[in-house]
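Every number in this text was worked out from the coordinates using simple rules, so none of it is lab data. Predicted, not measured: the structure shown is a model, and the values here were computed from it. Every residue, glycine as well, gets a Cβ built from its backbone with ideal geometry; the counts of neighbours run over all protein chains shown.
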Amino acid sequence: MSAVSLQQSSAGGSQYRPVSTSQDRLANTAERPVDGAAVADDIVRLENVHKWFGDNHVLKGIDLRVKPGEIIAIIGQSGSGKSTALRCMDHLEHIDKGSVTVCGHTFGENIPKSDLKMLRQDVGIVFQSYNLFPHLTVERNITLALTSVKKMSRSQAQEIANTVLAQVGLQEKSRMYPEQLSGGQQQRVAIARSLAMGPKLMLFDEVTSALDPQLTGEVLRVIEKLAREGMTMVLVTHEMAFAMKVAHRIVYMYQGKIHEQGGPQMLRDPQTPELKQFLDNGL
Amino acid sequence: MNHEQLVFLLQGAWGTFLLSILTFIFASMTGLLIALLRVSANPIARGVAFTYIQAIQGTPLLVLMGVCFYGPTILGFTSVPALTAAVLALTIQSSAFLGEIWRGCIESVPKNQWEAAECLSLSRTQRMLMVILPQALRIAVPPTVGFMVQIVKNTSIASLVIGFAELSYNAKILNNATFQPFLYFGLAAVLYFIICYPLSRLSLKLERRLNVSRG
């Protein structure tokens, strides 16, 4: 995908036009069978997940399976529960009912501390607000968990930092502090920091929502590259054109439920009036 | 003013300096502990710290001084040296205030920093030590230095209750003997300034150093 089309997609929030994706779809995103019957090798399995914030029933029984190598885009209005669903996968929100299995770790309302630690090492998550540590250099942001959680030596950790920084194209910035970087660069560092832990699953929570169109493009290109390399990913996103291009499956959430899901073509041919209206209204 | 009077005044300044330094050290250690208890995951620890802060903040320093000086004697211990009692009272009082100031600083580090550290699998202690406290430190410098200057001035209460020879006390004695209030209290003011000014300078320097990441 060219930078131009990425920019258009993010700039024209209110005037989303489905773009033709047949010829520029990524090689490895060729339709693969998505059947719910596969069990053992699912990377993510949400079963009847419920979540309340006080009286607010934000997740009303979510069932979702993600297979290794699969890329899922979750779309929906603000308040539809899409970010909450994503955060439940990393136990940043504890669920109130149902069960979650992520990378082989199963948990319900609670999770033992040791399991949580393993889960967090298997799952990388990137946030809308980057959440880099402002008092540490780019390199130290990346090596912190490697040396203190994975108990690597400083030099080993630095090697990994160099590798992941190269992956996001920011090798030369390793000595800088986050605030000396642009938003897009900070977000790429955040992605690199997650990648350094060697995750089996990457979660992206509206990672481009704080960025202008140009910076959005550079971040999306990094994610696209990861997609090409076969990383399993779940993205909560407002970038419809991007979702259509990289995702194998799109999940539309509406009022705390999965309202419609299907292949990328679903965005061009919505089945439910809610999704149709959502797409017509842009964001 | 003769040589002896000047020396007497400087001795008072030394008393103030000593009391301040010892209080800084002990109050910082206790205050940090209080702040950490205050944000602890354990509700009992939080409750203990909260009660301590409420109780101490509601007690005048003058009363604390009296309790620390006369209390041990009443309980049957031999008398406590004035310096020890004064440091103890100032430490108890200052730790409650510093604890509360620092709790505020710790809590003002954005919650998403906790979250990011959590997602990288850092333990609670690691998160606190490597991610939160370094950021809280930067926020803490101005109010902490402000409070330390306050401590320097609070030391004068030590003489009121327990007759510890610090700067105000010695200035008062000199004034009583010579009836030159402007001279001695004026000199005392200058000496207080000389003790406090480096603190303010240090604060500026520290802030600048901690702000390197601001680009």
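Of note:
- Across chain A, the relative contact order, built from alpha-carbon pairs under 8 Å that are at least six residues apart, equals 29 percent.
- Among the trypsin sites (Lys or Arg not before Pro) found in the stretch A:124-186, those both in a DSSP coil and sparsely packed, with 10 or fewer other Cβ atoms within 10 Å of their Cβ, are A:Lys151, A:Arg175.
- Shape index of the stretch B:4-130: Rg/Rh, with Rg the Cα radius of gyration and Rh the Kirkwood radius from the inverse mean 1/r over Cα pairs, equals 1.12.
- By the equivalent-ellipsoid construction on the alpha carbon gyration tensor, the stretch A:105-256 comes out with semi-axes of 24, 22, 14 Å, ordered largest to smallest.
- Each of B:Ala85, B:Thr59, B:Val109 was scored by the projection of its Cα onto the charge dipole of the stretch B:3-214, and the greatest displacement toward the positive side belongs to B:Val109; charges sit on the C-beta of Lys, Arg, Asp and Glu.
- Max-minus-min Cα coordinates of the stretch A:36-91 on each principal axis give 35, 19, 19 Å, with the largest extent listed first.
- Rounded to the nearest 20 debye, the dipole size of the stretch B:120-215 about its Cα centre is 520 debye, using +1 on the Cβ of Lys and Arg and -1 on the Cβ of Asp and Glu.
- Subset of A:Lys67/A:Lys200; A:Lys51/B:Lys111; A:Lys67/A:Lys151; A:Lys67/A:Lys276 violating a 23 Å alpha-carbon distance limit: A:Lys67/A:Lys151; A:Lys67/A:Lys276
- Sorting B:Glu166, B:Glu115 from the fewest to the most surrounding beta carbons within 10 angstrom yields B:Glu115, B:Glu166.
- Dividing the helix sum by the residues of chain A, where each DSSP H run of 4 or more adds -39500 (n - 2.57), gives a mean residue ellipticity at 222 nm of -10500 deg cm²/dmol.
- Farthest toward the positive end of the dipole of chain A, out of A:Ser78, A:Pro213, A:Ile223, is the Cα of A:Ile223, where the dipole comes from beta carbon charges about the Cα centre.
- Beyond 16 Å, the tail of the calculated P(r) for the stretch B:124-190 holds 63 percent of the Cα pairs.
- Cβ crowding within 10 Å, taken as a proxy for footprinting-reagent exposure, orders A:Ile71, B:Ile25, B:Ile44 from fewest neighbours to most as B:Ile44, B:Ile25, A:Ile71.
- Modelled spin-label separation between B:Thr73 and B:Asn175, with each label point placed 7 Å from Cα along the Cα-to-Cβ direction: 2.7 nm.
- In the stretch B:3-214, the ratio of gyration radius to Kirkwood radius, Rg to Rh, stands at 1.06 when only Cα atoms are counted.
- Stokes-Einstein diffusion of chain A at 25 °C, 0.890 mPa s viscosity, Kirkwood radius from Cα pairs, rounded to a whole number: 127 µm²/s.
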